[in-house]
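Written out below as structure tokens is the structure these notes cover.
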Amino acid sequence: LRTELLSIPEHGVLNLHGGLSQFYRGLFTTDWAIHNREPECVGATVHFVSEGVDDGDVVYQGRPRIEEGDHPNSLYEKVVRLGVAMMVRAVSDIDQSQCRRTRLECRGRLYLHDMFDVSAKRATWRQIESGVIADYLANQAERDRKVKEGLINEFNTPLEPSKTA
């Protein structure tokens with residue numbers, strides 16, 4: 001979107017991006033994180049829209065709980081649910097003049113629509129079959145550390161109920 005259009009709304013334009021923008025920008029970011037064996041980078045960003053792609057000032061970022069049995073579709077559903085909660089809070093924050101926005105200093109790799117073809121989708125599911133989630137869960141604390149340290153305005157929610165509870 002052009003600056004002229006983005007400047008019309010008094011408070012700016014919010015976007016829900018289904019990825020952590022400092023790691024993954026663009027489309028199919030949950031799938032790409034699994035494809036690249038980086039489930040620790042699955043998450044969502046609520047940010048103000050800028051002229052770039054998913055690189056505006058960040059309002060909230062969050063990560064869903066990843067559990068055994070998760071796959072790209074279940075993770076994407078968790079990301080969307082988390083993102084909607086973040087968006088609701090962001091709109092409320094704006095309404096109450098309490099919105100905190102932080103500049104995105106490091107932009108992640110940009111994944112475009114035509115990059116995620118049938119071959120990439122199959123490779124992503126092969127990562128699931130090869131145990132990418134189990135590998136992540138076995139070393140979760142260590143793998144999460146670098147991501148958690150880099151989260152911007154981390155969104156905290158009550159713990160999600162476990163699928164097995």
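The values are calculated or read from the model by the stated rules, or taken from the named source; none is laboratory data. None of the values given here were measured: they were computed from a predicted structure. Note that each Cβ is placed from the backbone with ideal geometry, even for glycine, and that neighbours are counted across all protein chains shown. Note: areas computed on protein heavy atoms with side chains; ligands, DNA, RNA excluded. Shrake-Rupley method; radii C 1.70, N 1.55, O 1.52, S 1.80 Å.
Residues in the stretch 138-150 that are over 12 Å from Arg37 (Cα atoms), open to solvent by 40 Å² or more (accessible area, probe 1.4 Å) and part of a helix (DSSP H, G or I): Ala138, Gln140, Ala141, Glu142, Arg145, Lys146, Lys148, Glu149. Among the residues examined, Ser130 does not qualify as at pLDDT below 95 and more than 20 Å from the chain's Cα centre (by Cα). Looking across Leu14, Leu104, Leu82, one residue alone is within 27 Å of Arg126 (Cβ to Cβ) and crowded, with 18+ Cβ neighbours inside 10 Å. It is Leu82. Applying the condition of being touching a Leu at 6+ places or on another chain (Cβ under 8 Å) and open to solvent by 40 Å² or more (accessible area, probe 1.4 Å) to the stretch 50-79 and asking which residue is farthest from Leu137 (Cα to Cα) yields Glu51.
Residues that are more than 30 Å from Val13 (Cβ to Cβ) and modelled with pLDDT of 95 or more do occur in the stretch 70-90, at least one of them. Among residues of the stretch 97-114 that are at negative phi, those with a Cβ under 8 angstrom from a residue that is of a type in the set (Ser, Thr, Tyr) and part of a loop (DSSP other than H, G, I, E, B), sequence gap 6+ or separate chain, pair up as Leu104/Ser21; Arg107/Ser21; Gly108/Ser21.
Just one of (1) within 17 Å of Arg25 (Cβ to Cβ); (2) in contact with a Pro (Cβ under 6 Å, 6 or more places away or on another chain) fails for Tyr136. It is (1). Contact annotation: residue pairs with Cβ atoms under 7 Å, 6 or more positions apart or on different chains, pairing a residue in the stretch 81-95 that is within 17 Å of Gly19 (Cα to Cα) with a partner that is open to solvent by 30 Å² or more (accessible area, probe 1.4 Å) and of a type in the set (A, V, I, L, M, F, W, C), are Gly83/Leu16; Met87/Leu14; Met87/Leu16; Ala90/Leu14; Ala90/Cys99.
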